[in-house]
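Report on one structure; see the data block that follows.
The values are calculated or read from the model by the stated rules, or taken from the named source; none is laboratory data. On a predicted model such as this, the values are computed, not experimentally measured, just so you know. Cβ placement follows ideal geometry from the backbone for every residue including glycine, while neighbour counts extend to all protein chains displayed.
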Amino acid sequence: MGLVAAGNLGSRRRWSQNPVTVFVVGVGGALGAISRYYVSAWASTVAGDALPWGTFTVNVVGSFALGFLLVWLQALAPNDEVRQFAVVGVLGSFTTFSTFSYEAVALARAGEALRASGYLLGSVVFGVAAVILGASLATAIAGGRG
């Protein structure tokens, strides 16, 4: 998953095949996806379509929610399923930008400014390049109809 615990960059969560964990992530994912749909549609309706305001809104709201929840859940120390439901499930399907943003901040806070910068730049450059490659491949396969 790549999500790091607040204040402990070296501590990574292990992947779990526990059926309860998988179930709560799935339920959270469904709720996050539905929330993304409604928030994105609302933001686009309110702000117009001059920019992709729906995506912008879910990414910023998701980033705020991730920052808040990681600190809050660490302080409350609930069981792991609560964290997996909220962070991986709900926010994971609401936006992946929140995790990307958090991990960049975690690297910077750990004194890894160069790695954080490389991660930010590399993610954007390779992400955009992957979109271009994927779209080009689909267009080629579709015979230019894409």
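What number of residues within region 100-146 satisfy the criterion of being exposed (fewer than 12 other Cβ atoms within 10 Å of the Cβ) and either closer than 23 Å to G62 by Cα or hydrophobic (A, V, I, L, M, F, W, C) (or both)? Quick ask: steps written out before the conclusion?
Residues of region 100-146 that are exposed (fewer than 12 other Cβ atoms within 10 Å of the Cβ), as a first pass: 111, 113-114, 121-122, 124-138, 140-146.
Still in the running and either closer than 23 Å to G62 by Cα or hydrophobic (A, V, I, L, M, F, W, C) (or both): 113-114, 121-122, 124-133, 135, 137-138, 140-142.
Going through region 100-146 one residue at a time, the tally reaches 20.
Does region 36-51 contain at least one residue that is of a type in the set (K, R) and in contact with a Leu (Cβ under 7 Å, 6 or more places away or on another chain)?
No.
Among E81, E103, which is part of a helix (DSSP H, G or I) and in contact with a strand residue (DSSP E or B) (Cβ under 7 Å, 6 or more places away or on another chain)? Steps first, please.
Values: E81 fails: in contact with a strand residue (DSSP E or B) (Cβ under 7 Å, 6 or more places away or on another chain).
That would be E103, the only listed residue that is part of a helix (DSSP H, G or I) and in contact with a strand residue (DSSP E or B) (Cβ under 7 Å, 6 or more places away or on another chain).
Of all residues in region 45-71 being farther than 21 Å from V124 by Cβ and either surrounded by 13 or more Cβ atoms within 10 Å (Cβ to Cβ) or in contact with a helix residue (DSSP H, G or I) (Cβ under 7 Å, 6 or more places away or on another chain) (or both), which is modelled with the lowest pLDDT? Write out each step before concluding.
Within region 45-71, the first condition is being farther than 21 Å from V124 by Cβ, and the residues that meet it are 45-50, 65, 68-71.
In the following step, the residues that additionally are either surrounded by 13 or more Cβ atoms within 10 Å (Cβ to Cβ) or in contact with a helix residue (DSSP H, G or I) (Cβ under 7 Å, 6 or more places away or on another chain) (or both) were identified as 47, 65, 69-70.
Values: A47: 92, A65: 91, L69: 88, L70: 84.
Within region 45-71, the match that is modelled with the lowest pLDDT is L70.
Just checking, does region 64-81 include any residue being without any contact (Cβ under 8 Å) to a residue 24 or more places away in the chain, assigned by TED's automatic domain parsing to the domain that holds G26, under 19 Å from the mean Cα position of the chain (by Cα) and more than 30 Å from S16 (Cα to Cα)? No, region 64-81 contains no residue that is without any contact (Cβ under 8 Å) to a residue 24 or more places away in the chain, assigned by TED's automatic domain parsing to the domain that holds G26, under 19 Å from the mean Cα position of the chain (by Cα) and more than 30 Å from S16 (Cα to Cα).
What residue, among those in region 84-99 that are of a type outside the set (G, A, S) and at pLDDT 90 or above, is surrounded by the fewest Cβ atoms within 10 Å (Cβ to Cβ)?
First, the residues of region 84-99 that are of a type outside the set (G, A, S): 84-85, 87-88, 90-91, 94-97, 99.
Keeping just the survivors that are at pLDDT 90 or above gives 84-85, 87-88, 90-91, 94.
Working: Q84: 24, F85: 23, V87: 23, V88: 20, V90: 26, L91: 28, F94: 26.
Residue satisfying both the conditions and the ranking: V88.
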